[in-house]
Each structure stands twice: as structure tokens, then as C-alpha cells.
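Asker: The structure that follows is given in the form of C-alpha cells.
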Amino acid sequence: GESVGLHLPTLSVQEGDNSIINCAYSNSASDYFIWYKQESGKGPQFIIDIRSNMDKRQGQRVTVLLNKTVKHLSLQIAATQPGDSAVYFCAEINQAGTALIFGKGTTLSVSS
Amino acid sequence: KAGVTQTPRYLIKTRGQQVTLSCSPISGHRSVSWYQQTPGQGLQFLFEYFSETQRNKGNFPGRFSGRQFSNSRSEMNVSTLELGDSALYLCASSLDLDREGYFGPGTRLTVT
């Protein structure tokens, strides 16, 4: 079946560290992936996306890596800040291309 | 550019009642998707509308329905509410499903 999962439900880092949040997906035919950040009491916020014809894409302090061989997606956050504390979700377009399938989420906690 | 708005933000209903939630997408976006978010099940896709047509539907009972108007605003309706329908209902708008989606703040529905 289709599923998107994350390796760790929680991740705790110190301010200034680099954070890496991982996600495994099951559908090898997926060609579009998104990372979202959700803060308490808010809706998910788009961070960065990547298509399957790319291995890496960079944004402001964030990098998404896609390894299609092992069906693995990761989000790297450089110089993590307390404001980065949130739940991070990866999502993929499902096999039929008709819906976004979300993983369970990783809670990132950043301490000063 | 205004973001995605959802009304109401909070709602309390009793079992057996019905509810209608509203979503106004970002101007120019024709795709509106709805999701249910609960602690146990995470973010689950309900349905997606594009240019007033329901293109995709998730695995939810027929009590969940929706529609989209010519101005792309969308409503979702839940009839015969059950306790298990208590959740955060989120809508997301995008130019199309495989483009970055922007979420609203959600409607917190509590069924008693």
C-alpha cells in the first residue's frame, strides 16, 4: 500500500546545530515530495519541495535530499533556531497522482 | 497576497448534528484539498476539488462531502456527526495538486 513514514517521532537538538529529519516512502512511482512544518495551533506551512528528477534542492537554511534507490527523503536544517521547533511532515503524491499522502510527523525540539 | 482562510476556527457540535466548514483559497488557486488531522491518525486526505469538480476522494464515509464554487471557495459538510469526527480540519490550496500547497489555520471541531 501507499505510506510515507518518518524514522523518528521526536528529535531534540541544541540551538546552532544542524538538524536532519528523515522520511521513508514506499511508492517508487512517486514523483513529487513536499516537506511541511506545523507549529502548535497552526496549519502546516510549506517548506520545500522536490521532484523525482532531482536529488537535492536547497532553500533558505534548508536542504531536501532525495534518494530514490532506497526511497528515502531527508530535510536538513542548518543552524537550527528555537523558532524551528515544530512538527515536520513529509508528503508525497500518491500512486494515482490524486492526493498528498502524509507521514506521521517528527517533532523537532530546539533548546537554547 | 492573502493566505488561505477557514471559518469557523472553532466549533462544538453534538452527536447526530451536521456541520459545514468553509475554506477560501489563495487568489488564483483552483485546487482545494481537505484533510482531517487527529493525534492518532495524523493528516488524512478527505477530498480535492479543482474548478468546481471533485477530482479525488479519500477513504472516508459518505457522511463527509464537499463542494467548490465558481470563485474556488470550498465547503465541506459532515452529517450525522460522531464522536470520532472530532479533529482539526484543514484545507489547502494550490495551483494544482502537484504544486506547493498552502494550508489554512484549520477548523477545530469538537463533537460531544
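Asker: Being in contact (Cβ under 8 Å) with a residue 40 or more places away in the chain, within 20 Å of A:G41 (Cβ to Cβ) and within 15 Å of the chain's Cα centre (by Cα) narrows it down to one of B:R108, B:R73, B:R30, so name that one.
Answerer: On the way: B:R73 fails: within 20 Å of A:G41 (Cβ to Cβ); B:R30 fails: within 20 Å of A:G41 (Cβ to Cβ).
Going through B:R108, B:R73, B:R30 in turn, the sole match is B:R108.
Asker: So which strands (runs of 3 or more DSSP E) stay within region A:51-112 end to end and still have 3 or more residues that are away from every other protein chain (no Cβ under 13 Å)? It would help to see each step written out before you state the result.
Answerer: Numbers: elements: A:56-58, A:62-67, A:72-77, A:86-93, A:100-102, A:106-111.
Per the criteria, A:62-67, A:72-77, A:106-111.
Asker: Here's another thing I want to ask about it. In region B:33-54, which residues are without any contact (Cβ under 8 Å) to a residue 40 or more places away in the chain and surrounded by fewer than 16 Cβ atoms within 10 Å (Cβ to Cβ)?
Answerer: B:P39, B:G40, B:Q41, B:S51, B:E52, B:T53, B:Q54
Asker: Also: Out of curiosity, is B:R99 farther than 30 Å from A:R51 by Cα, open to solvent by 40 Å² or more (accessible area, probe 1.4 Å) and within 12 Å of chain A (Cβ to nearest Cβ)?
Answerer: On the way: farther than 30 Å from A:R51 by Cα: no; open to solvent by 40 Å² or more (accessible area, probe 1.4 Å): yes; within 12 Å of chain A (Cβ to nearest Cβ): yes.
So B:R99 does not fit the description; no.
Asker: Return the total of residues in region B:28-47 being over 17 Å from B:G62 (Cβ atoms) and within 11 Å of chain A (Cβ to nearest Cβ).
Answerer: Qualifying residue count for the region: 9.
Asker: Continuing with the same structure: What residue, of B:L43, B:L109, is within 24 Å of A:T106 (Cβ to Cβ) and assigned to a strand (DSSP E or B)?
Answerer: Details: B:L109 fails: within 24 Å of A:T106 (Cβ to Cβ).
The conditions single out B:L43.
Asker: Which ones in region A:18-35 are over 11 Å from A:L8 (Cβ atoms), assigned to a strand (DSSP E or B) and within 14 Å of chain B (Cβ to nearest Cβ)?
Answerer: A:Y32, A:F33, A:I34, A:W35
Asker: While we're looking at this one, here's another question. Being within 15 Å of the chain's Cα centre (by Cα) and surrounded by 17 or more Cβ atoms within 10 Å (Cβ to Cβ): is that true of A:L8 here?
Answerer: Values: within 15 Å of the chain's Cα centre (by Cα): yes; surrounded by 17 or more Cβ atoms within 10 Å (Cβ to Cβ): no.
When the stated conditions are applied, A:L8 does not pass them.
Asker: Right, next: If A:Q58 meets every condition in (1) of a type outside the set (A, V, I, L, M, F, W, C); (2) loosely packed, with under 14 Cβ neighbours inside 10 Å; (3) within 30 Å of B:Y49 (Cα to Cα) apart from one, which number is that one?
Answerer: (3)
Asker: Sticking with this one: Using the structure shown, decide if B:P25 is more than 9 Å from every other protein chain (Cβ to nearest Cβ) and surrounded by fewer than 16 Cβ atoms within 10 Å (Cβ to Cβ).
Answerer: Criteria not met by B:P25.
The values are calculated or read from the model by the stated rules, or taken from the named source; none is laboratory data. Since we're looking at a predicted model, the values are computed, not measured. Positions of Cβ are generated from backbone atoms using ideal geometry, with glycine treated the same way; all protein chains shown enter the neighbour counts. Accessible surface is based on the protein model in full, side chains and every heavy atom, while ligands, DNA and RNA are left aside. Shrake-Rupley method; radii C 1.70, N 1.55, O 1.52, S 1.80 Å.
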